[in-house]
Amino acid sequence: MVLLYDWSDKHKEGVTLMNSPVHASDLPDNQFDIGIVGAGMVGSALACGLARANYRVVVFDRQRPPPFDPQSQPGIRVSALSLASQKMLADYGAWQYIEAMRRCPYRRLAVWEKSAPRLPLPKLGGHRGTLFNCKDIHTPELGSIVENNLTHLALHKAMESLPGITSMCPANLEDLNFSPDTATLTLTQHPPVTMKLVIGADGALSQVRKWANIDFSSDQYEQQAMVITVEYAGKQQDITWQEFTPTGPLAFLPLPDVAGKHYASLVWYNTADNIDRLMKLGESQLIGQIWQHYPDCLPAVTGIVDRGRFPLIKRHAQTYFSKRAVLVGDAAHTINPLAGQGVNLGFQDVMALVAILSRDGKPLADPGEAVHLRRYESERRPLNGQMMLAMDLFYHAFSNNHTPLKLLRYLGLNLADKLPFAKQQVLQYATGIKSPPRWLFR
């Protein structure tokens, strides 16, 4: 199998040295400390972190992120970046570029049940469900909604400013072979590239994972997710929310204003048949369906910018490393996106691996030794697995119309809203300010 990595005509020579290496300058041009296959958000963040630890890094990817057009409408793929992810991006020199482009901070987050059970219960406060506020944890915001293309672009700009990173493109990757001391990538029309460690950051269908003979479990959910970028009237929102229904959540994520217009990303979970029907509707018909099914707190939708559908598939690698290959991000795990933890978990992988592979900010003599990779796996795999389990429990508990469960959900969400300490703890875990206690993951 041949993988084609072709960034742009800007790099006609196929190899770009982003800056001169800070160490190991005696290595030949086709030998590196670490190779990263896939320079998306997670892979490029990892390159930045490892370069800052003075590793000589080579990265491969299919294409560069597109240039930023400040007048363009928001892209359909967005992520809710946690405070911990924002700090990592700032530490790696990328956050400044995101702020120079655009982002939408959110200061409140709400979750509630679509319809309360028909029981003689007292009214619990002035709103349904649980409302989280950045004031609960004394921060100016809870996170930011950022277009994936912009996070990707910002990280590539950060890579260009760091020494020791080489990008090879276009590159046709043909095979990966291992010896006791090295990993070697075979390329078309280029000498083989040798490294002490190869990192698979090449997504859910990772070829590195396949080459390393790492198996994985996979489970597809019944529902799919439809993502709709909309323009809306009124004022820009600073809240993201999810309403739980028997067919899955209805979510609202505010996006940055562009040229004085307000935008948002709507995420609509439903059965594959219903998503088929919604995808085929014209603009006015789809807006009508949004108004019919979304709650009254949704701002007035005035236009549809873009729409897309995504299957919901949970995957988890049975091990995170083999020989001299290690996996990060979606190559290691994919998760139900209902809590917006996907790329944040990938960034947590990055921070953990960089910390393990550096000693007081200096590179290890051999980053591919099994003892280091085993330490990374023992730290990240249980945490990621428990987050996947938690999302499964949340998904199955809320995506049904069972009356006793509806009662428990209603009471639970409203009771949680009345427990300030519990809300504060949840927010600190969700934003990455604090790590959950280790006993939760045993």
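Taken together, the values in this text are just the output of simple stated rules run on the coordinates, not laboratory data. Source: prediction; values computed, not measured. When we count neighbours, we look across all protein chains shown, and the Cβ atoms used for this are built from the backbone with ideal geometry, even at glycine.
Worth pointing out:
- For Glu174 and Ser378, the FRET efficiency from 1/(1 + (r/R0)^6), where r spans their Cβ atoms and R0 equals 30 Å, is about 0.35.
- Loop-resident GluC sites (Glu not before Pro) (DSSP state other than H, G, I, E or B) in the range 171-260 with no more than 10 further Cβ atoms inside 10 Å of their Cβ are absent.
- FRET efficiency estimate (nearest 0.05) - Cβ-Cβ, Ala204 to Ala259, R0 25 angstrom: 0.10
- Estimated at 0.36 nm per residue, the fully extended path between Thr302 and Asn213 surpasses their Cα-Cα distance by 27.1 nm.
- Environment charge at Tyr92 (Cβ cut-off 15 Å; Lys +1, Arg +1, Asp -1, Glu -1): -1
- Our estimate of slack between Phe310 and Asp181, defined as 0.36 nm per intervening residue step minus the Cα-Cα distance, is 42.4 nm.
- For His333, His138, order by how many other beta-carbon atoms lie within 10 Å, fewest first: His138, His333
- Inter-part distance where the range 190-235 and the range 283-346 are each reduced to a Cα centre, Å: 12 Å
- Cross-linked pairs Lys87/Lys235; Lys135/Lys261; Lys157/Lys323; Lys135/Lys362; Lys114/Lys280; Lys314/Lys362: Cα-Cα separations exceed 30 Å for Lys157/Lys323; Lys135/Lys362; Lys314/Lys362.
- Net charge, Phe68 excluded, C-beta distance under 13 Å - Lys, Arg +1, Asp, Glu -1: +1
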